[in-house]
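In what follows, a single structure is set out as structure tokens and then discussed.
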Amino acid sequence: MPRLSLTALLVRDYDEAIDFYVRQAGFTLAEDTDMGGGKRWVVVRPPGSDAGLLLARGVGEQAELVGRQGAGRVWLFLETDDFGRDQGRMVAAGVRFLEEPRREPYGTVAVFEDLYGNRWDLIQPAAAGVAAAAAG
């Protein structure tokens, strides 16, 4: 069965992007392979996820689009089963949230930016919140 496995994300520098996504956002470094000629195959994933980001160094006109792939909109969504835990950890690690958490019919959500200004939603779906409350 087909599945979405990777989303390419333009970055300025592999190492600074790895640092942000691993140290600040809490992802794991799944692969970092030298492809020669200054290119690398770098994959980061949220813990426990099969899907990930392929960090692709923007060259030429691509470099102008780093941080603007979503055209200023939230276009990446990081799902959590414990919003407070993960937002707290991310804030402590220096991730910049653009708003206070809010409750929506679909769950608890807040917008944050990555190191280049790409906008993300950190979201705990409503169903996960119900399950977490029942377990706690």
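Throughout, read-outs are computed from the coordinates displayed, never taken from laboratory work. Quick caveat: nothing in here was measured; it's all calculated off a predicted structure. Methodologically, a virtual Cβ is constructed for each residue, glycine included, from the backbone with ideal geometry; neighbour enumeration extends over all protein chains shown.
With equal scatterers on the alpha carbons only and no solvent term, can you work out the Debye log10 of I(q)/I(0) for the chain at 0.11, 0.15 1/Å?
-0.42, -0.77
Given contacts defined as C-alpha pairs under 8 Å and at least six residues apart, what's the relative contact order of the chain, whole-number percent?
The value is 22 percent.
How far is it, in nm, from the label point at Asp32 to the one at Ala127 when both lie 7 Å from their Cα along the line to the Cβ?
3.6 nm
Mind checking the dipole of the chain: about its Cα centre, +1 per Lys or Arg Cβ, -1 per Asp or Glu Cβ, Debye to the nearest 20?
Numbers: 15 positive and 20 negative charges, 30 e Å.
Dipole about the Cα centre, nearest 20: 140 debye.
Filter the GluC sites (Glu not before Pro) in region 65-116 to those in DSSP coil with at most 12 other Cβ atoms within 10 Å of their Cβ, and list the result.
Working: sites: Glu79, Glu99, Glu113; in loops: Glu99.
Passing sites in region 65-116 are Glu99.
Please compute the net charge surrounding Trp41, taking Lys and Arg as +1 and Asp and Glu as -1 over other residues with Cβ under 9 Å from its Cβ. Don't skip to the end; give the middle numbers.
Values: positive: Lys39, Arg40; negative: Glu31, Asp32, Asp34.
Residues close to Trp41 contribute a combined charge of -1.
Only sites in a loop by DSSP and with at most 11 other Cβ atoms within 10 Å count here; which trypsin sites (Lys or Arg not before Pro) in region 27-111 make the cut? Don't skip to the end; give the middle numbers.
Details: sites: Lys39, Arg40, Arg57, Arg68, Arg73, Arg85, Arg89, Arg96, Arg102, Arg103; in loops: Arg68, Arg73.
Taking region 27-111 and a limit of 11 other Cβ atoms within 10 Å, the loop trypsin sites (Lys or Arg not before Pro) found are Arg73.
If I model a spin label as a point 7 Å beyond the Cα along the Cα-Cβ vector, how far apart are those points for Leu6 and Val74 in nm?
2.7 nm
Which one, Gly36, Pro2, Val59, is farthest towards the positive end of the dipole of the chain when Lys and Arg carry +1 and Asp and Glu -1 on their Cβ?
In the chain, that residue is Pro2.
Only Cα pairs under 8 Å and at least 6 apart count here; give the relative contact order of region 1-66 as a rounded whole percent.
On the way: 109 pairs, mean separation 25.8, N = 66.
The normalised contact order for region 1-66 reaches 39 percent.
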